Each structure stands twice: as structure tokens, then as C-alpha cells.
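S.K.: Right, I'll just put the structure down here and ask away after.
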Amino acid sequence: MRPLLLSLCLILVGCSVRGDLARLPDGTQPSATVRSVFFATNRDIDDLPFGSDRKERLIFGRADVSIPPSHMPGQIEWPKRKPDPQKHFLLSATEAYTDPVQFRAKINASLSSLPRGQREVVVFVHGFNTRFDDSIYRIAQISNDLDVPGATVSYSWPSAGSPLGYAYDRDSALFSRDDLELLLKELTKTRADNIILVAHSLGSMITMEALRQLNLRKDRSTFNRIGGVVLMSPDIDVDVFRTQVKSIGKLPSPFIVFSSQNDRALQLVERLTGQADRLGRIGNIEDISDFDIVYVDVTAFDGSDRLNHFNAAKSPALLKVLSQVRDFEEAFSSDDSNRAGLLPGTILSVQNASEVILSPLGAR
């Protein structure tokens, strides 16, 4: 077990390009592009940014992130010793909210310029080995690259932010499901038309548990406001996922899973836990074919992320697909003339589920 843990540590550390949240230097102006990321966290405010200790209450705030003009889709240009808004992701402003009422009012203000029907709130739930600053910059990058309208919210749960903290993170995932449920309830009190949930890795477990709890509590007013779910590289045992879906009942639509057969992070999790068949790399869609799910296989894009664990957010080509998740199942089901802007691929239907196998341009 020790050599395996050491291997996991070396691989994950070697593939994580990290830095710290840095503010704009005094006297400088942010770049032309600034992305506002609202956040809710149950991390303890023992230091700033928030650490990995757990807190039994939600803290709300907002971070404005300046995106450099030289930004490349899928990348985070981390600040160096001399932060430069022309080259680096930087904080241009931050706000802390005293209570959920103020949090909701700020989100309503950000939605006010949009017409009805387009007022969406996108909630991102990060995965394993993620610090608070990692989650803020990554979500700013994703929302910028996808040109997400409306309001963007980061749910930053207390990950240890360490490649050897997997057991702590799995416990934190269970610890955090109630607070994600609470966040969703708060968001239903805003003027948002609907809420889109986007989760990565172990964050998918928290997301599914929160949906399960909403249904078990018969909170249909909150559940019905969820306009779609996207799970990227979900770190969930397939048997557990099946019981979650059965407790949830009818899933939000669309419900989309991005997967890779060569996801090295999930392979290592399977070896560590002794449990094969993580949802993010199942070999046979028949295992979940009785559910109304779109299962997107991006194995052909391995290489955009050396772990192949976050390709959908780091590959420019897949970012374009992710920005059109509401439309591409219908496009793949129709003739080629309706696939403008989408990558080539095939769609397979097995009972209620659909599997979309994407191919890079020029692969055919």
C-alpha cells in the first residue's frame, strides 16, 4: 500500500500546477475581462484564504477575478512573484456577506440585466485535492471559457488540498452534502429561472447526495428549479450511484456524465479503495442504461490533462462541446447538417441512456 500511496502522491503533485490567490498590485487596473465568482463555503475561516478544516455553517462571499488578455482556453495563468494583470489571473475585488439575504441580493443584482428565461445560476462543485484558491481560479477559468451568462457560484467544500488526503476528502464530501442542499435552497429564493449543477470528481458524490436528500425530504420546490446536471469524471462507485438515482427518482434534465476510460486518477482510486467501476470510467453503459442519462466518452481526447481527469474543462475542443451540452444530444441524433460547431462522434442508445463517443477533429 505504501508504494501505491507514494506513486499517487508523485503523480498528482507532478500534474498540479498551483499558485496562490494574489491581488492586483496597488495602482494597477484589472484587465478588460473580469469574472465574478460568488462562493459559499463550509471551510473554517482559520486563515485566508479558507483552509481545509470543516465548519458547521456556510460562509458567503464574492471574488472578482481579472483574466489576462493572453489567456489560453483551458489554462490558469497563475500569478508569479510579480503579479501582472496582462499575464496572470488576479483578484481585482472581494466581498464578504454577513448573511444569506445579502448573498441573494447580490446574485439578484447580477441577474437583473438578463431577460427572463436566461437568468441562470451555475453552481460548480470542485473535486478531490482542491484548495479554496484552486476552486476560485478554476471556476473563473471555466465560466470565462464557456462564456457562462448569469451568475456563477462556487461551492467550496473542505478538501484537504493534498494528494494524500483522499480519506479526509471522502469524509468531507459526506459532511458537505447538507450545506450544498442548503445553498440550493437559498438560490431558489433568488430571481434565477433555474440552477445548473456542474460537479467534478468527488464533488459529484456531494451533488448526488444533495439531490437525493432533496427528494427524500420531498422538497420539490427546490428540486424542480434544477435545470440540468453535468458530472465531470465523477468519482462515485456505480452501485452507489444506482442507489442514489433510485432514491432521487426522475433526474433533472439534461443529466450528462463526462467520462474517460483512461482516467488515471480514477484508476488509482480504484486501486486504493479496492472498488472498481467508478462512474467516470465504466466500461459498459448497460450498467446505467435504465436511467435517463447522456454518457459522454472523451477517451479519444486523453492528453489535454496528464491525468485525463479534467479534460472537459482543460481541452479547448471539449470546452466548446461543454458550452453546448443542452443541444448536442439532439444534434447527434439528427443529420450531420445540424452538428455545426460540434465534434464528430457517434451516439448509441441503450434502453433509457445515450452514450456519445466523441472524436477529435480529423480523426475520421
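S.K.: List the lysines whose Cα lies under 22 Å from the Cα of Lys87, skipping any in the same chain that are fewer than 8 positions away.
M.R.: Lys314
S.K.: Distance in nm between label sites at Gln75 and Ser162, each 7 Å beyond Cα in the beta-carbon direction?
M.R.: 3.2
S.K.: Can you work out the FRET efficiency for the pair Ser289 and Leu216, with r the C-beta to C-beta distance and R0 = 25 Å, to the nearest 0.05?
M.R.: Given R0 = 25 Å and the Cβ-Cβ separation, E is 0.55.
S.K.: Using DSSP to call loops (not H, G, I, E or B), can you name the trypsin sites (Lys or Arg not before Pro) in segment 199-232 whose Cβ has at most 16 other Cβ atoms within 10 angstrom? If you can, show how the numbers build up before the last one.
M.R.: Working: sites: Arg212, Arg217, Lys218, Arg220, Arg225; in loops: Arg217, Lys218, Arg225.
Here the trypsin sites (Lys or Arg not before Pro) that fit, given the DSSP loop and packing criteria, are Arg217, Lys218.
S.K.: Using a Cα-Cα cut-off of under 26 Å, which lysines could be cross-linked to Lys106, ignoring same-chain neighbours fewer than 8 residues away?
M.R.: Straight-distance partners of Lys106: Lys55, Lys185, Lys189.
None of the figures in this text is laboratory data; all of them are computed from the coordinates on show. All values derive from a computational prediction rather than experimental measurement. All Cβ positions, even for glycine, are placed from backbone atoms using ideal geometry, and neighbour counts span all protein chains on display.
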